[in-house]
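Here is the structure we will look at.
The values are calculated or read from the model by the stated rules, or taken from the named source; none is laboratory data. None of these values were measured; they are calculated from a predicted model. Neighbour counts are summed over all protein chains in view; Cβ atoms, including those assigned to glycine, are modelled from backbone coordinates with ideal geometry.
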Amino acid sequence: MAKTDFSAFLVAHPHSILVEITEARGSTPRDAGTLMLVSREAIWGTIGGGHFEFMAIDNARQLLDGQGVAVMDIPLGPEIGQCCGGRTTLRFSTVTASLAAALEDKLLRETEVEPSVFIFGAGHVGLALAHALSPLPLSVTVVETRAEALADLPPEVSRRHVAMPETVISDIPNGGAAVILTHDHALDFLIAREALARTDLAYVGMIGSKTKRATFASYLEREQSNRADLERLILPIGGSTVRDKRPSVIAAMVAAELLGVLLGQTTSLLCVNS
């Protein structure tokens, strides 16, 4: 959840309880450190859903009424209608001004270390991708030469209005991603050449086709660039599992591709609750 969402929740619901997973053993829906806020009328975040979360919400609201307990140790088994098999310890705290400030600082620090995704181009696909990535644990920046194209971006997304987008490649943090989908093939090629010159980026992708990839290969040869760099370019982006050219579908496929690269595959056994 974004820090802005957290702050807005506390402004709207100042009397809230913080629910924190302090220990997770075995198979659990969320890990230690996961947070949720509960007020009498609303909830921010999730600790995993299911009956386990309903129990936590009920206890938090009892605490708001002067009852409830400060700690819950919950087995995630048949006795509560879940099949994860693990065990989770929850801590409940009344949100004070000092606790709220500490939580905001924690969320800000977490945001600062989120993987960075720079989207070059805010056309139909770029805009759809920005919206698809905005709720995810990624730091997203959209780079455009056209100021008006940046108007409809989600508030969580950073904006860069520049005349020469290829110069922004140097600003991408180590391990970040460059997704190239401008309105101009020549500009795409300039940006991609700069991005591929950096070997520390985790992902360099360009919208297009096999024909565009071949054209870009010829461009690299004319520019006397290292043709081996082409092997690191994802083109077309989004894979080939779903052949659908609607911007929202392409955005969903690219978002999944980026998550696989930037966040990696979890090695722990998780269970998912609806």
Looking at Val204, Val168, which one is buried (at least 23 other Cβ atoms within 10 Å of the Cβ) and not in a loop (DSSP other than H, G, I, E, B)?
Val204
Failed condition for Gly260, given (1) farther than 21 Å from His131 by Cα; (2) surrounded by fewer than 17 Cβ atoms within 10 Å (Cβ to Cβ); (3) at pLDDT 90 or above, with all others met?
(1)
Residue satisfying condition, being at pLDDT below 90 and more than 30 Å from Gly50 (Cα to Cα), within set Glu112, Glu148:
Glu112
Evaluation of Ser218 against (1) more than 22 Å from Glu144 (Cα to Cα); (2) in a helix (DSSP H, G or I); (3) within 23 Å of the chain's Cα centre (by Cα) (one fails), failing number:
(3)
Test: Ile57 is aliphatic (A, V, I, L, M), closer than 30 Å to Arg25 by Cα and in a loop (DSSP other than H, G, I, E, B):
no
Take Ala178 and tell me if it is within 17 Å of Ala252 (Cβ to Cβ) and modelled with pLDDT of 95 or more.
no
In the list Pro135, Pro173, which residue meets the criterion of being surrounded by fewer than 18 Cβ atoms within 10 Å (Cβ to Cβ), in a loop (DSSP other than H, G, I, E, B) and over 14 Å from the mean Cα position of the chain (by Cα)?
Pro173
Cβ-Cβ under 6 Å pairs, at least 6 apart or on other chains, region 233-244 side under 16 Å from Leu181 (Cβ atoms), far side among the basic types (Lys, Arg)
Leu235/Arg213
Could you say which residue among Glu104, Glu23 is in the same structural domain as Ala8 (by TED's automatic domain parsing), under 30 Å from Ser158 (Cα atoms) and either touching a residue at least 24 places away in the same chain (Cβ under 8 Å) or of a type in the set (D, E, K, R) (or both)?
Glu104
